[in-house]
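Here the structure comes first, spelled out in structure tokens, and everything after it is commentary.
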Amino acid sequence: GQQVMQIPQYQHVQEGEDFTTYCNSSTTLSNIQWYKQRPGGHPVFLIQLVKSGEVKKQKRLTFQFGEAKKNSSLHITATQTTDVGTYFCVRTSGTYKYIFGTGTRLKVLA
Amino acid sequence: GAGVSQSPSNKVTEKGKDVELRCDPISGHTALYWYRQSLGQGLEFLIYFQGNSAPDKSGLPSDRFSAERTGGSVSTLTIQRTQQEDSAVYLCASSFADGTEAFFGQGTRLTVV
């Protein structure tokens with residue numbers, strides 16, 4: 001299956017700065033999910049986007065699905081040290097196989 | 001159970017030995033997935049079960065890897081004649097069959113020496 005590319009691969013930010021990771025696919029996605037993996041931990045589901053142009057917010061996190069359903073973004077406002085981890089976008093295939101993106105590793109400097 | 005349970009949490013084995021990794025999914029979840037994650041890397045899909053059948057085995061790296069699931073519940077991932085490149089964290093996840101969120105276990109850290 002087609003892997004979903006994420007940029008940047010790594011991001012270091014000062015605590016309080018904003019952070020955005022982008023997810024791009026060459027094919028139209030039926031939906032997109034986002035997961036967070038803390039260092040030494042396992043991936044934890046954050047959200048699922050289904051509709052074209054959909055925007056969802058969770059406190060300081062804003063998730064967006066592109067109009068063409070080929071890209072998605074996760075924006076964190078005013079990062080905190082608890083935001084440290086790797087953020088993955090995940091596409092599901094027709095058999096609901098979860099294909100993980102390449103991930104963006106976020107470090108927050110206090 | 002309350003969450004996805006994997007055992008053992010850590011496994012150190014000698015090169016050439018066989019290992020079995022176990023995954024106990026969330027009760028009621030018909031779909032089960034195995035992934036492999038090398039240090040600092042992303043998640044590599046290995047195999048997917050729907051009930052007891054595995055419609056997609058495309059991710060298994062070689063014929064040394066096999067997996068089974070019995071009773072629509074517990075799954076075992078077996079690696080025969082382990083090699084050093086098999087060292088990684090093996091993650092199991094389960095979900096309902098409708099493509100909603102996947103729940104992951106804590107993983108088994110396999111080290112081949």
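The values are calculated or read from the model by the stated rules, or taken from the named source; none is laboratory data. Predicted model, so just to flag it, every value in this text is computed and none were measured. Note that each Cβ is placed from the backbone with ideal geometry, even for glycine, and that neighbours are counted across all protein chains shown. With ligands, DNA and RNA removed, areas are computed over all heavy atoms of the protein, side chains included. Shrake-Rupley method; radii C 1.70, N 1.55, O 1.52, S 1.80 Å.
If the only charges are +1 at each Lys and Arg Cβ and -1 at each Asp and Glu Cβ, what is the size of the charge dipole of chain A around the Cα centre, to the nearest 20 debye?
Using only the charged Cβ atoms, the result is roughly 320 debye.
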For chain B: accessible area per residue (Å², 1.4 Å) = 46
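For the protein assembly as shown, state the average projected area of the convex hull of the C-alpha atoms over all orientations, rounded to one decimal in nm².
Working: hull surface 48.6 nm².
Over every viewing direction, the Cα hull of the protein assembly as shown projects on average to 12.1 nm².
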Highest-fluctuation residue, B:G72, B:G51, B:G42 considered, GNM on chain B with Cα pairs under 10 Å | B:G42
Quarter of the surface of the C-alpha convex hull for chain B, i.e. direction-averaged projected area in nm², equals 6.5
Number of partner chain Cβ atoms within 10 Å, mean per residue of B:43-52 | 3
Greater than 28 Å apart at Cα, pairs in A:K36/A:K70; A:K56/A:K107; A:K59/B:K57 | A:K59/B:K57
A:V44 versus B:S9: modelled label distance in nm, points set 7 Å from Cα along the beta carbon direction | 1.6
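In debye, nearest 20, what is the charge dipole magnitude of segment A:28-92 about its Cα centre with +1 on Lys and Arg Cβ and -1 on Asp and Glu Cβ, if you could check? All intermediate terms of the calculation are to be shown ahead of the outcome.
Numbers: 10 positive and 3 negative charges, 18 e Å.
Value, rounded to 20: 80 debye.
So if I place +1 on the C-beta of Lys and Arg and -1 on the C-beta of Asp and Glu, and nothing else carries charge, what would the dipole magnitude of chain B be about its Cα centre? I want it in debye, nearest 20.
So the dipole magnitude of chain B works out to roughly 280 debye.
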Simple label model, 7 Å out from Cα along Cβ direction - A:S52 to B:A97, nm = 3.1
Selection from B:G42, B:V12, B:A97, by position along the positive dipole direction of segment B:5-112 (Cβ) | B:V12
Backbone N within segment B:21-53 under 14 Å of label point (7 Å from B:T76 Cα along the Cβ vector) | B:21-24
